[in-house]
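The structure that follows is given in the form of structure tokens.
The values are calculated or read from the model by the stated rules, or taken from the named source; none is laboratory data. What you are looking at is a predicted structure, and each value in this text was computed from that prediction instead of being measured. Counting neighbours? That spans all protein chains shown, and the Cβs are built from the backbone with ideal geometry, glycine included.
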Amino acid sequence: MTKLTASIVVEVPFHDVDAMNVAWHGHYVKYFEIARCALLRLFDYDYPEMKASGYLWPVVECHLKYVRPALYNQQLRVEATLLEYENRIKIGYEIFDVKSSERLTKGHTVQVAIDAITHELQYVSPAIVFTNLEQICNVSL
């Protein structure tokens, strides 16, 4: 499968920075989330579609590596790339400065499918994930 990637641009708002004008570390997860939603929309499986399909997808792992700080008013390009989907959804992230293309942060999240009613863990991703990815990639997965 060709790597499926979504890219969004965010500007670091004043309410996200500390007294040193640096984005607070927890806000990077929010930037990841915005890019993750854009990626999920590419294959028509954003959170409303997840819920409608009968599954919930909690984040069970989140890893970040801070390389350089993001500052107030800085334009950031956040890329989210689908890395795994067979048994879980693993998404890789990179945050770059828009002007210089310098990487500021990288990381990944892992989400697992659970049945929305029984809350039972699904050891294989639901069929809708494969179906939707086949449609967007025009290949049999």
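Out of the stretch 96-117, which residues are in a loop (DSSP other than H, G, I, E, B), farther than 21 Å from Cys137 by Cβ and among the aliphatic types (A, V, I, L, M)?
Residues satisfying the conditions are Val98, Val112, Ala116, Ile117.
Suppose we filter the stretch 104-126 for residues that are within 30 Å of Val22 (Cα to Cα), β-branched (Val, Ile, Thr) and touching a residue at least 60 places away in the same chain (Cβ under 8 Å); how many remain?
2
So, Val29, is that one within 21 Å of Glu11 (Cα to Cα) and either at pLDDT below 95 or surrounded by fewer than 18 Cβ atoms within 10 Å (Cβ to Cβ) (or both) or not?
Taking the combined requirement at face value, the residue satisfies it.
Conditions (1) more than 16 Å from Ala6 (Cβ to Cβ); (2) assigned to a loop (DSSP other than H, G, I, E, B), marked per residue:
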residue	(1), (2)
Val29	yes, no
Leu39	no, no
Cys62	yes, no
Lys65	yes, no
Ala80	no, no
Glu94	no, no
His119	yes, yes
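Among the residues of the stretch 17-35, count how many are of a type in the set (D, E, K, R) and within 19 Å of the chain's Cα centre (by Cα).
Summing the residues that are of a type in the set (D, E, K, R) and within 19 Å of the chain's Cα centre (by Cα) in the stretch 17-35 gives 2.
From the residues in the stretch 49-107 that are polar (S, T, N, Q) and surrounded by fewer than 14 Cβ atoms within 10 Å (Cβ to Cβ), which one is nearest to His119 (Cα to Cα)?
Within the stretch 49-107, the match that is nearest to His119 (Cα to Cα) is Asn87.
So which of Leu133, Leu104 is closer than 19 Å to Leu64 by Cβ, of a type outside the set (Val, Ile, Thr) and in contact with a strand residue (DSSP E or B) (Cβ under 9 Å, 6 or more places away or on another chain)?
Leu104
Another question, if that's okay. Can you name the residue in the stretch 1-27 that is of a type in the set (D, E, K, R) and part of a loop (DSSP other than H, G, I, E, B) and is also nearest to Phe130 (Cα to Cα) among such residues?
Lys3
Taking Tyr45 and the conditions (1) in a loop (DSSP other than H, G, I, E, B); (2) farther than 30 Å from Asn87 by Cβ; (3) within 15 Å of the chain's Cα centre (by Cα), which numbered condition does it fall short on, given that it satisfies the others?
Result: Tyr45 passes all but (2).
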